[in-house]
Every structure is written in structure tokens, then in C-alpha cells.
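The values are calculated or read from the model by the stated rules, or taken from the named source; none is laboratory data. What you see is a predicted model, and the numbers here were worked out from it, not measured in a lab. Reconstructed Cβ throughout: ideal geometry from the backbone, glycine too, with neighbour counts over all protein chains shown. Accessible surface is based on the protein model in full, side chains and every heavy atom, while ligands, DNA and RNA are left aside. Shrake-Rupley method; radii C 1.70, N 1.55, O 1.52, S 1.80 Å.
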There are 4 protein chains.
Amino acid sequence: MRMHVQPRVGVIGVGYWGSKHVRVLNALERVSSVAVIDKREERLGALSRSFPSVRAFTSLEMALPQLDAVIVATPPTTHVPIALKAIAAGKHVLVEKPLATSSAGAQQLIDAAAEQDVVLMAGHTFEYNAAVWRLRELVQSGALGDLYYIDSARLNLGLYQSDVNVIWDLAPHDVSIINLLMGRAPSSVQAWGSRHAHRRFEDVAYLRMTYDLDVSAHIHVSWLDPCKVRRVTVVGSRKMAVYNDLSVEERIRVHDKSVSCSVGETDLTQPPMSYRYGDIVAPFVPATEPLAVQDEHFVECILTGRPCRTDGNSGRAVVEVLEAAAQSLQSGRPVLLDETSRSRERFDAGVTAVSSSRGA
Amino acid sequence: MRMHVQPRVGVIGVGYWGSKHVRVLNALERVSSVAVIDKREERLGALSRSFPSVRAFTSLEMALPQLDAVIVATPPTTHVPIALKAIAAGKHVLVEKPLATSSAGAQQLIDAAAEQDVVLMAGHTFEYNAAVWRLRELVQSGALGDLYYIDSARLNLGLYQSDVNVIWDLAPHDVSIINLLMGRAPSSVQAWGSRHAHRRFEDVAYLRMTYDLDVSAHIHVSWLDPCKVRRVTVVGSRKMAVYNDLSVEERIRVHDKSVSCSVGETDLTQPPMSYRYGDIVAPFVPATEPLAVQDEHFVECILTGRPCRTDGNSGRAVVEVLEAAAQSLQSGRPVLLDETSRSRERFDAGVTAVSSSRGA
Amino acid sequence: MRMHVQPRVGVIGVGYWGSKHVRVLNALERVSSVAVIDKREERLGALSRSFPSVRAFTSLEMALPQLDAVIVATPPTTHVPIALKAIAAGKHVLVEKPLATSSAGAQQLIDAAAEQDVVLMAGHTFEYNAAVWRLRELVQSGALGDLYYIDSARLNLGLYQSDVNVIWDLAPHDVSIINLLMGRAPSSVQAWGSRHAHRRFEDVAYLRMTYDLDVSAHIHVSWLDPCKVRRVTVVGSRKMAVYNDLSVEERIRVHDKSVSCSVGETDLTQPPMSYRYGDIVAPFVPATEPLAVQDEHFVECILTGRPCRTDGNSGRAVVEVLEAAAQSLQSGRPVLLDETSRSRERFDAGVTAVSSSRGA
Amino acid sequence: MRMHVQPRVGVIGVGYWGSKHVRVLNALERVSSVAVIDKREERLGALSRSFPSVRAFTSLEMALPQLDAVIVATPPTTHVPIALKAIAAGKHVLVEKPLATSSAGAQQLIDAAAEQDVVLMAGHTFEYNAAVWRLRELVQSGALGDLYYIDSARLNLGLYQSDVNVIWDLAPHDVSIINLLMGRAPSSVQAWGSRHAHRRFEDVAYLRMTYDLDVSAHIHVSWLDPCKVRRVTVVGSRKMAVYNDLSVEERIRVHDKSVSCSVGETDLTQPPMSYRYGDIVAPFVPATEPLAVQDEHFVECILTGRPCRTDGNSGRAVVEVLEAAAQSLQSGRPVLLDETSRSRERFDAGVTAVSSSRGA
């Protein structure tokens, strides 16, 4: 269903992320009006002071008839019921990560959106980050050589969520980035986690994902670390790249160094490795705001009918990994992801669509 | 067996670490002479140029009669046979980490040294590092509050070993540091590992150790990382500390911040956590060279008969963890460490001895 | 003249800084409405999209009757005529730094504001920065010992101004910070400067100011540096402090180290100095936005009639230093600041007033 | 005078730098023996422990007959008399920076060495630093575009010298680097300096040098700074480079960014500048030890008779700048360097000789 007029967009839940969406939507030309929906009146008041033209609602039911699209930025466990309500009302929906807290829920959203012919988009912000795309280019072009492994860390003190553990809160970013870099979903997942400052939810966790072609990926997420870290390291047989999202001028750094087995390798008392050291290059990456790019893409998809870069399938692929991680946390064993549920064709298709549109 | 004259010390294996021992021993006042033993004549030649007074041998058998003590700095799998030979000849022995590549081998060394009444010391250099002791003080004094977890990373490009994987090569440092901080050995160990640039040996690995009182410890070791990292993070309920061995002026940084569950905790839609942010303090840590402190301690133990800070039991405790990690790598499951083998009494005793002697 | 209703505030000139004022004023509770005045209609359009409730004017004359106060954020050489026009209309005025491009101009503003009994405030943002106040406390409390010197650097690539050189553009920040730290104006000024990428205006410059008690202060300002730097180093006989405005968590770092002449000092072949090394402490500094604190203070002064922290005299004191620097640039010699023009009593008084109100 | 046998080299003065020379010479193949000369017996004792084969003398007179060459590493004011004594005895001489503390003294050394036909070399270590040569290549090849300016900082807490101020102690490094980059000596020099922790000698100083073609260079040297800094920034019209000697992996970083005047430049209310931002590249620079390269070059010149890279003229050119800086410190005015004394032909010739020999 393609819209022919500029959409009226509502943001449901105006906490930390919801407020950012309001600011961003407010500055988008192709959004005709912005509304906020939240039960917490003091939040609505604060936003109204900064954005006097934004309309505020305390009830979704009252707001929906006056909107064309919504962004769901409420706690994760409420994503599915709220998004289903909006879809049922024929609204386009962007759901903050994670799309759902179960793959069944994610599938419900996909099916409902297909039936209503509305846009369903997962808020995987990092897939709208210029640095992540630069990293993807490095991987996909073969510039790094054969891909060896990916290691990702997303650490800070806080912000604890009220209804999910740190894996469901932070790892969606890393999983969506790594799936994007790999062009596919992993085949198995393991997880370690511990609870420290919170009784019910793990606040420190480590994930290990295995992809085809013997590539492994590790994710370290933490709400309880002294240092803020947002880093993805990608190591290949020829070069190594580090993406540090906290760096202003050098978000991507490519280290032209590598190690390889020496030919011959007869003398086992000597490590049979040879090392190569070269330049370090930080390519220029334009400083666009990923959330603005994402929300503009949402509006674009609503207006043109073109497929979303991070559609429901992409969102479900991430949820499946998190679900497998939760199982592994219980069992202490690796969890295989089901072949069919990995749904490679559709996932890859989505990526290709984005990639080609990007060059236009 | 206490020596009454200054020992003649030989270094067996003069690669990267062995050469450092030669330099350090050469400057120790209480060492009467230094010898080097290595089959590689070009190594001996290079050392002789820098240290003309050092005697060089290509055979251990020829060297032993002229020595009182040896430092074994050969590849890990040769540690036990070489050290046994030296012990059998009545020599005091310092074995580079890991003490052995099996706990049975470690026990053989302990038994042989006891029988011959010679000093057996494990080269856990970091236990002679002033920053590590400062970190231990922070943990043991309760300054950090209740201990939550420890996270350690030891990464670089290279140096690949010829006979063991990255866990046996690098993790001995982290395990010995963490055991020292905890005052005990862990109760269970898990490991993830991957082979990338090397066919037979894992070059990237992650360990998880569980200690009593619900403290978990994670170790990330890598021969294949673009960035050199030597970092231990210790998080407690009151403060958090980071030990960065690569920092010149701020090896230890204590972050006075924390998160805790708010009292009441009635509104589950709000994360019921409160955060506290305070100063960051980098205490002054004197710039001693740990290897020199260690080798001097070895000579001291030889001359005075006092117990070693990192004795055979301490070395075996580390080996047991690595052995369990190797099993976990195979099985994909956590491995429990045997209660008896954890030998807490003796291990703690060793620590106390050091601690008290330190204040003297 | 104390206002009894919330002021209507206009921002004149909505470039980089002007737009920030608009955002900040827009969120202040005690501002009844915000207007923008600029000849560039595309700027007005962009701001209106983000802040639909803001009224836009292309002419100051049309705007003034509908305002109670203005913030002058136009190019420096226009500050005095525009501010005089607003003062003549009885409006309260906050003038961005530098207050004027001549001390005579600054005095005109002071006199006019006194006559009209309106608030005249200089936009010395850094004097509303919590880190600067923390630094001042360190200096004034004697925690650093006897003050030796201050060294300040404010470097980046761009943003070149159209009507003044880099000294008039960037050094007002440093001079106002240093005057605040010292509690007085300098007694002499020297300057070095060079033109590189710009034909008419120096884009790299160095200032040296001498204060009483043998304290010297150096300022390095540049529009043409590869690295962004905003740093003030303050060195005393007991401790040294570094204020790095670009650091998120450690804007102030206090190094507890020093050097002193050894007693005796008889052997002149030995450097007769002794060094002391201690902890490094980064005190927690709250993350307030200085521009918001400043603009709120402006509104507060309008409503309560209390004296401004950065009043006209404070603004003129900074202008006098810059004027002297311009003379030194011509003559290649130090320029003494006139005793009377240094007007210490009033300047110090202003500082005290702020300081005491801060504790309330 | 070309030597046909490997020289016996003595190091006169074995403080911080002298001891480094001993270590380096000790490992050079083409040095037949190393001796140390110092009145301080405890220094000789310490060195003898580390290097038992080194012969120790407490008197220069006794040592000279047994040497072919000397390295003078005593306090700066003693350089000329000691070096003259060695030259008079027909010894080749390497004098630590500064070559002399007056240009007359430097000339005396040059004349004496010419008369005796011995090698006279200035210990400008940084001219043997691979990173400095990489920087020179960037400048000389035009990769940076037209050279705009150079800014250098060499800061730390200590080590105060006993007989000269911080300019004579640290600035020789910066001046020799900048002269090398420029291929010539400056035409004028200014200096600012202050005494803080030391009564007689400036411990913080700033130099400004003007070179032909409107290039300016600034040097900040300090014995009294909380942070260790060794940085040279070189800014051109096309690119900018930073040389940070404290960085392990990125000693040189080239920023591909620039600013230029827009064509037209009609609207004076708009800054008429356009900015260009590109990649940052840290070229691989091999990790050679400059002091070892330098001392080996000294031996090479002794054995082959080829001209020194940092000969007496190069040393005198640096001394002339420092002398002019001392005058400027007194007068508060710029000091012009005499055309003849700048001796460009010979200086440039020396540089070319090195440069071409380097490719061999």
C-alpha cells in the first residue's frame, strides 16, 4: 500500500530512544506531523516544551485514527501486542529492536503486515550507519581476504532494561551488524551470561555464533562495565578492520597486517608463521545520523512501496539468534539454528535490494 | 636446601623470553654467573655479543654440572622433561609458564622437587607485577565492594607458538592473575576456541571460569588481533577497576561508580536501578620490572629457603584450569574442577605468605 | 530594571552558534517566546522546520518591538552597532564573544546599558562550564600549590570567520577562562601569528600573557590544525591539572606530581631537583550544557536584577587583551595593559558575586 | 683520516644518555671495544655489572691513549673543552646535542676537526629516526602541498639539567628535525621563556622560527608539564601530518584534509573558505632504534671516510638558532640569523649526501 500524501507519524513510548525519534521525525520534510503516545504525562510535557508542534496522546486507541504510521519504542516485551494493534488498524509500523522477544511473535508481525499490506520495519539502526556499510564493503569486496572472525563489544554502565536481559537489549545491534556483514544468519549460537546487579536479568553476557565457511563471531554485551565500548573487529586473512562507533574521526580503521603459515614448515621447534605489517588507514566516513537515515528510509518505503532494508524477515533473523542464545544460556550447550528458519534467500534478497538502491 | 653462596644460574632456551631472563639475571647482584643453553648457535652468538661474560652451552648435560639453578624457557611441551632432568641433578628450577602441559606433569615436578629439596617456581611473571598487587589489594580490602566479575583480554598479532595453542600460551598469565585476585582456584571452566591462521592450534579463544560466591571470570586471548591489548577489568558492587598493562602512567584506574537495585522497585515499567558516578583515580604504581622482581625472588628463595610466591602448587593450579579448558573445547560443555585438586589450603597459604612478607 | 514577566527573547544571527541558542532558549521554562532575526531566509526556513513555534524576522527593526531581550550572534565586527541598537530600544542584551572588537566599543556598550538600565552580558560560555569552575576551585583553594603557569590550546580545522582573525575568534574563550582562574586581568600581552590559508586574517596564533605574581599564560589558537584540541593545562608547585573539554568522562585530571629544588644544592654537576610522583585523579564533573546554563543565567539576571557573572566589564577585560595582542602582532613587542583599564576591583567583584551565589 | 681497523670507542659521561650509548655500542659488530669515562665511580660500577667487558676510566687523560673515538655525553657546557681535548689527541668525536653552547664554540670544533682530519658528528638522534625521514619525504615530495607551518612540542616533567635551560636541553631535537624537514636554517628566531621550579634556568619556553617562503615553525619545550609529549605537526596546503614519537604503531599520521579560499569570494559575510576531509593514513614505519642507527653511522664514517649526516655544520646551525633564541629571550624581540652563518650551501649539501646514500 503506497501512500500518496506525507504520513502523520506517531512515536509510541518516549523514553530515551523514543525522544530521539521525535527529534528526528520533526526535522524530516516528508513527515506531515508528529505525535507522541505515552502514559507518562511528565514525559509528554517535557517533549511538548521542546517541540510545541508535536501532538501528545496518553492512549494508543485515541491516537491511531489520526496517524498513518507509528514507531514502537516501548519496552521489548510489549513490541508485538502494540505493533499488532497498529497493523490491525492499517498503520505502517517501525518497531525498535528487538522486533519481538520470540520468533513466533516476529512471525506474527510479518504475517499481519503482509495481510494488511503495510510496511513492517525493524529498527536496526546500525544498518543505516555509514561506517557499518563501509565495513560491509571491506568484507564483501574481499579487501580483507578470507574472513576469519568477527568480535564485537557493546559495554557501558547501564541502562538496565525493565523487562529483558542485556542480550535482548544490546545484542540485537551486534547480531544485525554481523548478519549484514556476513550476508546471512548464523548456523549455531552459544551464550554465557551472569547476573550481578540485577536479580532476574543477566547484565553481562558473551555470545558465540558460527557462520558458514568456518567464520565465528563473538559478542560481548554488558550493562555493568566501567568503560563505554562500541567496537566491532573484523579479521581476515589479508587485513583487519576495527569499527569504533565512539570515535569521531576514525570510526573505521583498516590494519594492513596479517599472519600466514610459512611454506615448508619443516622445523617444528620454530613457530612456522610469517608476519606482515603495513599501513593503518582510517577511511573518511561521512557523519550522517543513522537514526535519521533509518526514519527517512521508513518514510521513503511508506511513500514509494519499495522494500525495507531491515524488513520483518531481517528482524526475525535477529530474534531467532537471541532466542537461541536464551536457550543456550539455559542448557549450557550450542544451539543449532533451523535451516528453514534461517531463511537465507529472503534475507539475502533484502540485503541486495538495499545495496543496489544505495548506488542510485 | 638453602644455598650459602651466590648461585650460578643457567637459562635454557634463549628465545624472546629466555633472552630477557639473561639480561635481568646479568644485572642481579646475588647471581654469581649466568649461562645460556640452547641448540641454536646463532642465538648463543647474538647473546654473547651483548653479554660477553655469559657462558654459552649447546647441551644441557654439559651445562648442568656448572650450575646451581636453571630457568626453563623452552617450548611448553618440553618443560616437564627438561625441568625433571635439572631437578634430578639437584638444581633449583624456575619454569616459565605454563609450568607443564598437564596436571600430572605438574605434579611430577612438585614431587621431584620435594624429594630433591630444591626450589620449584612457576614463572607467573604477573604475580610479581606491582599493578597486579595493587589490584589484589583493591579486591581483598573490600574497596570495590562485593566482587561481581573479572574480565581479562590479552590480544595481539602473534607470536604464534610451535607446540601449543593460544590458551596454553597466553591464558596462564590471566589465570594466574585471577587466581591471585580471588585467593583460590575456580570451580568450573568453559572454553570457546577457533583456528584461523594456524591449522593445528586455536589462535583465538575465550574462557569462562566460575569461582565461589558467584564470581565469574572471562578471558579473551588471541594471537590474531589487530590491536595489542593487555587488560584486566574487575567489577565490584561499589567500584570498578581496570588494569591496563600497556599504560605507562595509569596501569590501574579505579572508577568510583556503581549501579544498584532501588528500594521498593514497584513500577516494573521503569528499570528499577539507580546509578552512582564518581571520580576516576589512577593510583601511583611504581615502575619495577616484574621479570626482575621474579628472578630476584627466585634467587632469594634459593638463598634463604623461604617458600616461593609462585610455587609448584600455584603452577599446577593454573595448569589444571588450562587442562579443563582443553577438555571443554572438545566437549563444548563446562568442566568441573575436582575439589581435591583445587587444593585450596595450600594455595591460600602461599598467597598469605607472600602478602605478609611484602609488608616487611 | 527588573522584569516581572517572562521575557520574549530574540536571537540575531542564526549561524552555528545562533542556532544553538535557539535550541537552548526553546527549552527554557522562563522564556515566554523565542524569535530569530537573520537576513538569510534559508536559515530561517531551516530553523522553522525544527522549531515551528519560533517566529522569524528578516529585519531587526521589525523584531525589536516584539522582544524584551536579544542575543547577538552575528559576526564580531557587527556586535557593537547591533547591540547598541537593541540597548537603545531598552532591550536586555547578551552579546556573543568577543563583546566588541575594540575596548572603546566595549565601553560604549557598558555605558549605554548602564544608562538604559538593561542587562549587558558577554557570551563567555566557558565561564558557565562546570569543568572550568572545578579548575578554578583547584587554583583558588591552593590545592595546586603556588600557581606557576597556564597553557591553553584551542585547535581545529576551521571554522574560519569572515571578519576577524583566529585570535579574535577563538582566544576570547581562553582569555576569559584564564582571567577567571586568575581572578584578574593580565599585565602584559605578546602575540605571534601567521596567515596561511587566508590572505587577510591570521589563522594560527600564539599569545603570551603575564599576570601578577610571575604567573605566565600561553594560548595557542588555530583554524588550521589536523587535530581538534580544547585543552587548558594549569601547573602549580604541588599539583598539575589538565582540563580537556573533549573528554566525556575526564574533563579535569589532576596529576599529583611536582618538582622542587633540593635543599643544599651544592653539587652543580647534578641537577639539584627532586621529583615527586603520585596519583592521577579525574574528579566527577556533572554534564551540564554550558550554553544552557549561560542563557538561563541571562534570563535569571533579567528577572531578578542580580548582576551578571560575565558582565560588560568582564567582556571588556577580554577585549582589552585581544586588542593588546593585535598591537603586539604589529609591533613584535610585548604590550602593557593599562593599570586603570585593568579595573581589577570591578572584575574581581563580579567573580565574587558569582562564586557566592553558586553556593546558595 | 680513514681507519682500517674497528675502532675502540669511549663514552664520556655515563648518565641517562651516556648509558644508552654504552648499551648500543656494546652490540655493534664493528666496534672492537667500549670504554666508559666518568668521575662518578658508582655510575661506573653499575655499568660494569651490566656490561662486564666494558673498561672503566675515571680520567679522560688516561682513557684517550687507548681509544680511537669518543662520544661526549657530559653536560652541555662541557662539550667544547672535552671534545677539543679528544680532537687534539686525534680522536674521532660524536658530541651529544647541543654540539656547543655558543656558535663560536661550535666553529672551534669544526676547525679543529678539519685540522686533525677526524670525524666530528653532532648527536642529533632524531635525524636517524625512520619516522623523521618519512616526514621529510612527505614534505620534500610535495605530498603535503605547499608547506604552511610546523609546530613541535617536547614536554614532560623533568629531567632538569644542571647547566643549561630547557631550550638548550630539549629544543636541539626540534630545531634539528625542523632544519632537516626544511632543508635549510631559519632566517629569524624569537623566544618566550619562564622560570618556575628552577631559579636560574627557564623550564618552560616557546620558540618561533621563520623560514624562507613564509614558513613558520613553533617549538614548545618544557621540563614542567604533567603530560609527556613528543609531537611534530606539519601542515601543508593539501595534507597535514603528525609525528608522535610516543606512539608505537602510528608514529606518522597523514590527514588528507585541507582548507582553501573559495573562488570568487564576493560575499564577505560568509567565510569564503571551503573544507576538504579525507582519509587518515598511518604509514608503516620500521621500528629501528635511532641511537643505534646514529652510532653505527658514526662508526661507518670513521671506517669509510664518508661525510657525516649530522656533521659539524649541521650541529652549528642548530646552535646558532639556540643562541639567537637566548638573545631573543633577553631582548623580547625577533633575532635575525646572519646570512653567511646560515651557510646554506654546505648544510643542504650534507642533507643531499645523506639522502642519496640512503637509497643505496
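General remarks:
- Unmet criterion (only one of (1) modelled with pLDDT of 95 or more; (2) over 22 Å from the mean Cα position of the chain (by Cα); (3) open to solvent by less than 20 Å² (accessible area, probe 1.4 Å)) for residue D:100: (2)
- Residue count for region C:127-136, restricted to those that are open to solvent by 20 Å² or more (accessible area, probe 1.4 Å) and within 14 Å of another protein chain (Cβ to nearest Cβ): 2
- Filter result (of a type in the set (Val, Ile, Thr) and touching a helix residue (DSSP H, G or I) at 6+ places or on another chain (Cβ under 8 Å)) within region C:193-223: C:204, C:215, C:219, C:221
- Remark: residue B:319 falls outside the filter, which requires a residue to be modelled with pLDDT of 95 or more, outside any loop (DSSP other than H, G, I, E, B) and within 14 Å of chain A (Cβ to nearest Cβ).
- Looking only at residues in region B:46-62 that are in contact with a strand residue (DSSP E or B) (Cβ under 8 Å, 6 or more places away or on another chain), within 14 Å of chain D (Cβ to nearest Cβ) and not aromatic (Phe, Trp, Tyr), the one that is most open to solvent (accessible area, probe 1.4 Å) is B:55.
- Out of D:45, D:90, sole residue that is over 30 Å from residue B:55 (Cα atoms) and either modelled with pLDDT under 95 or more than 19 Å from the chain's Cα centre (by Cα) (or both): D:90
- Filter pass, residue A:169 being within 13 Å of the chain's Cα centre (by Cα), closer than 22 Å to residue A:219 by Cα and within 13 Å of chain B (Cβ to nearest Cβ): yes
- Evaluated against (1) modelled with pLDDT under 95; (2) part of a helix (DSSP H, G or I); (3) of a type outside the set (Lys, Arg), residue D:21 falls short on exactly one condition, (1).
- Residue B:188 meets the stated requirement of being in contact with a Leu (Cβ under 6 Å, 6 or more places away or on another chain) and either open to solvent by less than 20 Å² (accessible area, probe 1.4 Å) or within 10 Å of chain A (Cβ to nearest Cβ) (or both).
- Test result for residue D:36, within 12 Å of chain B (Cβ to nearest Cβ) and of a type in the set (Val, Ile, Thr): no
- Residues in region A:24-59 that are in a helix (DSSP H, G or I) and among the basic types (Lys, Arg): 2 in all.
- Close Cβ contacts (under 7 Å, 6 or more residues apart or on different chains) running from residues in region C:137-165 that are at positive phi to residues that are assigned to a loop (DSSP other than H, G, I, E, B) and polar (S, T, N, Q) comprise C:145/C:237.
- Screening residue C:146 on (1) open to solvent by less than 30 Å² (accessible area, probe 1.4 Å); (2) over 14 Å from the mean Cα position of the chain (by Cα); (3) under 30 Å from residue C:256 (Cα atoms) shows it passes everything except condition (1).
- Test: residue in region D:76-85 that is small (Gly, Ala, Ser) and open to solvent by less than 30 Å² (accessible area, probe 1.4 Å): yes
- Cβ separations smaller than 7 Å between residues 6+ apart or across chains give the following pairs from region C:274-300 residues that are over 30 Å from residue C:259 (Cα atoms) to residues that are of a type in the set (Phe, Trp, Tyr) and open to solvent by less than 60 Å² (accessible area, probe 1.4 Å): C:290/C:126; C:290/C:128; C:293/C:128; C:294/C:128; C:297/C:128.
- Failed item, numbered, when residue D:178 is tested on (1) within 14 Å of chain C (Cβ to nearest Cβ); (2) modelled with pLDDT of 95 or more: (1)
- Residues (part of a helix (DSSP H, G or I) and either modelled with pLDDT under 95 or open to solvent by 10 Å² or more (accessible area, probe 1.4 Å) (or both)) located in region B:163-175: B:168, B:169, B:170, B:173
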